[in-house]
Amino acid sequence: MLPKWFNDWNRDNPTDIYGPAILIGVLGGAVVAAALLVSWGQPFATSSLQTGPRGTGMSVPEFNVARLTPDPDIENIIEDAPYVPEGGEPLAKDIYQNVQVLGDLTEDNFNRLMNGITQWVAPDQGCAYCHGDGDLETYGEDNLYTKVVSRRMIQMTQNINENWSGHVNANQEVGVTCYTCHRGQNVPSEIWFRIAPVNEAVEGWAAVQNRATSISQSTSLPSNALETYLTDYEPVNVHDLESRVSGIIGEDVASIQKTEMTYSLMNYFSNSLGVNCVFCHNSRAFYDPEQVTPQWATALLGRQMVIEMNQEYLIPLQDVYPAERLGPIYGDAPKAACKTCHKGYQQPLQGTNVIGDWPELATTGAPEYATE
């Protein structure tokens with residue numbers, strides 16, 4: 001199609017047209033990447049929380065993209081300053097019927113708290129979720145299980161804030177409210193039920209493991225670790241570090257089964273808080289209680305707190321719940337664990353102080369209202 005002289009000239013004078021194009025493309029791509037990094041930041045940048053001596057690998061790394069992104073539930077936290085009583089105001093127990101827990105609050109603060117609980121637990125159903133569709137005169141009735149459970153949960157929240165400050169407020173005052181677990185849902189996420197044995201074809205050790213379940217964090221580790229360690233004060237330990245040690249299993253040394261249950265629990269802890277093992281343990285001496293980090297003691301208190309919550313408040317409600325609220329396998333009551341509050345963060349709601357406006361939930365006694 002082209003003149004012969006043109007084809008002959010191109011053949012005798014070859015030119016590399018691909019090299020410059022590639023060079024321009026690479027330079028252009030580098031400029032675009034640099035512009036993106038400048039405007040949006042380094043997506044793979046990390047920060048580390050050092051938990052132990054330098055050079056021991058004791059740090060908890062986290063991508064800045066995740067670390068600096070706020071928990072989306074924070075924006076729904078309700079701020080509603082209390083009414084500071086001046087004395088002589090009418091009390092809830094003198095106005096409303098059957099107020100068993102919050103009766104000593106003034107009417108204004110009682111209604112303010114009731115509104116807060118409604119938004120935390122049942123924003124769609126409103127007051128009817130606990131009190132039914134009747135008139136205000138029927139609100140004193142205990143016909144709905146939701147009201148009976150809510151009353152007990154208020155007591156549990158007060159107990160946590162009053163008696164477990166060493167865990168809840170380990171770094172600063174943050175407290176807990178109904179929102180800490182519920183986040184606007186009737187039933188909190190990350191509750192758990194009994195599921196073991198997971199293999200009914202066998203007995204003993206093999207019946208509780210080698211099945212990937214949510215409670216075992218999708219591993220083959222035992223699926224009864226929460227049932228064993230978060231409903232009773234069972235010692236959490238591992239087998240001796242030496243092989244063929246003498247002693248009685250369960251008394252002098254832990255069994256291999258208990259060891260794997262411990263690993264299952266530790267794996268759950270790690271996923272619940274979004275951290276690794278050295279957040280609590282020393283990487284040079286995992287099993288030495290004298291070389292743990294300060295977070296280890298906080299976690300220990302947390303486990304004891306959860307055991308009390310399950311024993312004293314949650315498990316006893318089994319006969320109050322309707323069948324659809326019970327466990328799908330054994331019909332057991334819903335129970336709490338670390339992730340029920342933490343939701344994958346080191347601190348629930350990333351350490352936001354949620355109790356400041358709700359002194360009524362901070363104590364089982366008379367609330368202390370801050371005055372300016």
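The values are calculated or read from the model by the stated rules, or taken from the named source; none is laboratory data. Worth saying up front: this structure is predicted, and the values here are computed from it rather than measured. So basically every Cβ, Gly included, is an ideal-geometry build from the backbone, and we count neighbours across all protein chains shown.
Quick one: Val84 ticks every box in (1) surrounded by 17 or more Cβ atoms within 10 Å (Cβ to Cβ); (2) not in a helix (DSSP H, G or I) bar one, so which box is it?
Among (1) surrounded by 17 or more Cβ atoms within 10 Å (Cβ to Cβ); (2) not in a helix (DSSP H, G or I), Val84 violates only (1).
Can you pull out the residues in the range 321-343 that are assigned to a loop (DSSP other than H, G, I, E, B) and loosely packed, with under 15 Cβ neighbours inside 10 Å? I'd like the intermediate steps shown before the answer.
At the first step, the residues of the range 321-343 found to be assigned to a loop (DSSP other than H, G, I, E, B) are 321-322, 326-334, 336-337, 343.
Hits for the range 321-343 are Pro322, Pro328, Ile329, Tyr330, Gly331.
Restricting attention to the range 54-81, and to residues there that are in contact with a helix residue (DSSP H, G or I) (Cβ under 7 Å, 6 or more places away or on another chain) and within 21 Å of Pro123 (Cβ to Cβ), which single residue is surrounded by the fewest Cβ atoms within 10 Å (Cβ to Cβ)?
Out of the qualifying residues, it is Pro70.
What is the residue count in the range 168-208 for residues that are without any contact (Cβ under 8 Å) to a residue 40 or more places away in the chain and either of a type in the set (Gly, Ala, Ser) or more than 30 Å from Lys258 (Cβ to Cβ) (or both)?
Counting residues in the range 168-208 that are without any contact (Cβ under 8 Å) to a residue 40 or more places away in the chain and either of a type in the set (Gly, Ala, Ser) or more than 30 Å from Lys258 (Cβ to Cβ) (or both) gives 6.
Got a sec? Which of Ile117, Ile74, Ile78 is modelled with pLDDT under 95 and under 22 Å from Val174 (Cα atoms)? Full working, then the answer.
Details: Ile117 fails: modelled with pLDDT under 95; Ile74 fails: modelled with pLDDT under 95.
Answer to the check: Ile78.
Just checking, does the range 218-237 include any residue being within 30 Å of Gly126 (Cβ to Cβ) and aromatic (Phe, Trp, Tyr)?
Keep residues of the range 218-237 that are within 30 Å of Gly126 (Cβ to Cβ), which gives none.
Within the range 218-237, not a single residue is within 30 Å of Gly126 (Cβ to Cβ) and aromatic (Phe, Trp, Tyr).
Please pick out the residue among Ala285, Ala212, Ala201, Ala206 that is in the same structural domain as Gln318 (by TED's automatic domain parsing), part of a helix (DSSP H, G or I) and surrounded by fewer than 16 Cβ atoms within 10 Å (Cβ to Cβ).
None of the others qualify; the one that does is Ala206.
Can you name the number of the only condition in (1) outside any loop (DSSP other than H, G, I, E, B); (2) free of Cβ contacts under 8 Å to residues at least 24 places away in the same chain that Val278 fails?
Among (1) outside any loop (DSSP other than H, G, I, E, B); (2) free of Cβ contacts under 8 Å to residues at least 24 places away in the same chain, the lone unmet condition for Val278 is (2).
Hey, any hits in the range 165-176 for a residue that's under 17 Å from Pro348 (Cβ atoms) and out of contact with any helix residue (DSSP H, G or I) (no Cβ under 9 Å at 6 or more places or on another chain)? Steps first, please.
Initially, the range 165-176 is screened for residues under 17 Å from Pro348 (Cβ atoms), giving 165-176.
Narrowing further to those that are out of contact with any helix residue (DSSP H, G or I) (no Cβ under 9 Å at 6 or more places or on another chain): 165.
Yes, the range 165-176 contains at least one residue that is under 17 Å from Pro348 (Cβ atoms) and out of contact with any helix residue (DSSP H, G or I) (no Cβ under 9 Å at 6 or more places or on another chain).
Among the numbered conditions (1) crowded, with 16+ Cβ neighbours inside 10 Å; (2) assigned to a helix (DSSP H, G or I); (3) not hydrophobic (A, V, I, L, M, F, W, C), tell me where Asn271 comes up short.
If we test Asn271 against (1) crowded, with 16+ Cβ neighbours inside 10 Å; (2) assigned to a helix (DSSP H, G or I); (3) not hydrophobic (A, V, I, L, M, F, W, C), just (1) comes out false.
Pairs under 9 Å by beta carbon, first residue touching a residue at least 24 places away in the same chain (Cβ under 8 Å) and under 20 Å from Cys341 (Cα atoms) in the range 55-79, partner of a type in the set (Phe, Trp, Tyr) and in a loop (DSSP other than H, G, I, E, B), six or more apart or different chains?
Pairs found: Asp71/Tyr345; Ile78/Trp358.
Checking the structure you have, find out if any residue of the range 165-172 is buried (at least 16 other Cβ atoms within 10 Å of the Cβ), outside the structural domain of Val306 (by TED's automatic domain parsing) and of a type in the set (Ser, Thr, Tyr). First the steps, then the outcome.
Going residue by residue through the range 165-172, those that are buried (at least 16 other Cβ atoms within 10 Å of the Cβ) are 167-168, 170.
Now drop any that are not outside the structural domain of Val306 (by TED's automatic domain parsing), which leaves 167-168, 170.
Imposing the further condition that a residue be of a type in the set (Ser, Thr, Tyr) reduces the set to none.
No - not one qualifying residue is present in the range 165-172.
Does the range 137-167 hold any residues that are more than 19 Å from Lys93 (Cβ to Cβ), in contact (Cβ under 8 Å) with a residue 60 or more places away in the chain and in a helix (DSSP H, G or I), and which are they? Can you show your working first?
Going through the range 137-167, the residues more than 19 Å from Lys93 (Cβ to Cβ) turn out to be 143-146, 149, 153, 156-157, 159-167.
Retained after the next criterion (residues that are in contact (Cβ under 8 Å) with a residue 60 or more places away in the chain): 145, 149, 153, 156-157, 159-162, 164, 166-167.
Of everything in the range 137-167, those that are more than 19 Å from Lys93 (Cβ to Cβ), in contact (Cβ under 8 Å) with a residue 60 or more places away in the chain and in a helix (DSSP H, G or I) turn out to be Tyr145, Val149, Met153, Met156, Thr157, Asn159, Ile160, Asn161, Glu162, Gly166, His167.
Would you check if there is a residue in the range 20-29 being farther than 30 Å from Phe279 by Cα and modelled with pLDDT under 70?
First, the residues of the range 20-29 that are farther than 30 Å from Phe279 by Cα: 20-29.
So of that shortlist, the ones also modelled with pLDDT under 70 come out as 20-21.
Yes.
Before we move on, is Val354 within 17 Å of the chain's Cα centre (by Cα) and assigned by TED's automatic domain parsing to the domain that holds Gly175? So that I can check it myself, show each step before the final result.
Details: within 17 Å of the chain's Cα centre (by Cα): yes; assigned by TED's automatic domain parsing to the domain that holds Gly175: yes.
In short, yes.
Mind checking which residues of the range 182-195 are of a type outside the set (S, T, N, Q), part of a loop (DSSP other than H, G, I, E, B) and within 20 Å of Val306 (Cα to Cα)? Working first, answer last.
Of all residues in the range 182-195, those of a type outside the set (S, T, N, Q) come to 182-184, 187-188, 190-195.
Next, from what is left, pick out any that are part of a loop (DSSP other than H, G, I, E, B): 183-184, 187-188, 190-191, 193-195.
Across the range 182-195, the qualifying residues are Arg183, Val187, Pro188, Glu190, Ile191, Phe193, Arg194, Ile195.
Could you look through the range 74-100, keep only residues that are aliphatic (A, V, I, L, M) and touching a Ser or Thr at 6+ places or on another chain (Cβ under 9 Å), and pick out the one that is farthest from Glu137 (Cα to Cα)? So that I can check it myself, show each step before the final result.
From the range 74-100, those aliphatic (A, V, I, L, M) are 74, 77-78, 81, 84, 91-92, 95, 99; that's our starting set.
Next, only the ones that are touching a Ser or Thr at 6+ places or on another chain (Cβ under 9 Å) stay: 74, 77-78, 84, 91-92.
Details: Ile74: 35, Ile77: 30, Ile78: 28, Val84: 27, Leu91: 17, Ala92: 14 Å.
Going through the qualifying residues, I end up with Ile74.
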